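The values are calculated or read from the model by the stated rules, or taken from the named source; none is laboratory data. Worth saying up front: this structure is predicted, and the values here are computed from it rather than measured. Here the Cβ positions follow ideal geometry from the backbone for every residue, glycine too, while neighbour counts run over all protein chains shown.
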Amino acid sequence: MRRATLIAANVGRFIAYLFIFFGVWQMFGGNFINGMWIAFIGWFLESAARGQVQQLALHNILADHKVAQAMNRQYVAIPADTTLQHLVDDHILASGRRSFVVKRSDVVIGLLTIHHLKGIPRTDWPTMTAAQAMIPAEQMKRLRPDTELWAALEEMDRDGVNQLPVMVDGQIQGHAQPRGCRRLSAHLTELGV
């Protein structure tokens with residue numbers, strides 16, 4: 001897979017450079033608009049091939065690493081009866097946090113993110129509670145600490161979310177974010193791993 005991807009990417013880059021060269025040649029030959037379009041197509045192909053190589057490199061770096069190595073173990077748990085106005089004033093504006101675990105009697109009952117708050121009219125914030133606005137625990141997507149990092153990134157990308165809670169037996173351990181995975185990959189690259 002790795003070899004095939006590298007071969008395809010390098011062939012794509014070669015063809016892209018031919019397009020760029022031909023486009024520039026057309027531009028200097030007096031056919032400016034067509035030459036510019038051909039060069040632009042070549043640039044686009046080269047960018048796509050380079051992105052594929054970078055994705056393969058990231059996959060190779062993250063291989064054999066688990067979510068537990070990159071997850072953020074700090075999370076904020078809020079009581080289920082917290083009003084959204086209180087949440088915004090005391091937690092979001094004060095600390096810049098973007099997601100909150102909603103608990104009732106030390107049991108995780110859901111997750112509330114800024115994304116969910118955006119869909120609720122501000123006039124409802126003083127009376128609506130976190131329990132009313134949250135994603136219930138039964139519907140929450142979650143990860144386990146032993147999940148492969150690459151699989152976690154793919155799942156977040158597929159679902160269009162930028163964080164997922166990491167849980168074991170209904171207890172939250174932290175949350176995973178693409179930023180944490182990329183930070184780990186940069187650290188591993190520095191170490192030559």
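Key figures
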{"item": "Pairs where the first residue, in the stretch 89-109, is of a type in the set (D, E, K, R) and at pLDDT 85 or above and the second is exposed (fewer than 12 other Cβ atoms within 10 Å of the Cβ) and in a strand (DSSP E or B), C-beta under 8 Å, 6+ apart", "result": "K103/A77"}
{"item": "Checklist (1) in contact with a helix residue (DSSP H, G or I) (Cβ under 8 Å, 6 or more places away or on another chain); (2) more than 30 Å from G174 (Cα to Cα) applied to A4, failing item", "result": "(1)"}
{"item": "Some residue of the stretch 121-135 being hydrophobic (A, V, I, L, M, F, W, C) and over 24 Å from A176 (Cα atoms)", "result": "yes"}
{"item": "Test: residue in the stretch 120-131 that is under 25 Å from V67 (Cα atoms) and in a loop (DSSP other than H, G, I, E, B)", "result": "no"}
{"item": "Selection count, the stretch 134-178, where residues are in a loop (DSSP other than H, G, I, E, B) and either in contact with a Ser or Thr (Cβ under 8 Å, 6 or more places away or on another chain) or on the phi < 0 side of the Ramachandran plot (or both)", "result": "12"}
{"item": "Matching residues, the stretch 110-140, being free of Cβ contacts under 8 Å to residues at least 24 places away in the same chain and among the charged types (D, E, K, R)", "result": "K118, R122, E138"}
{"item": "Tally, over the stretch 123-163, of residues that are more than 17 Å from P79 (Cβ to Cβ), at pLDDT 80 or above and surrounded by fewer than 11 Cβ atoms within 10 Å (Cβ to Cβ)", "result": "4"}
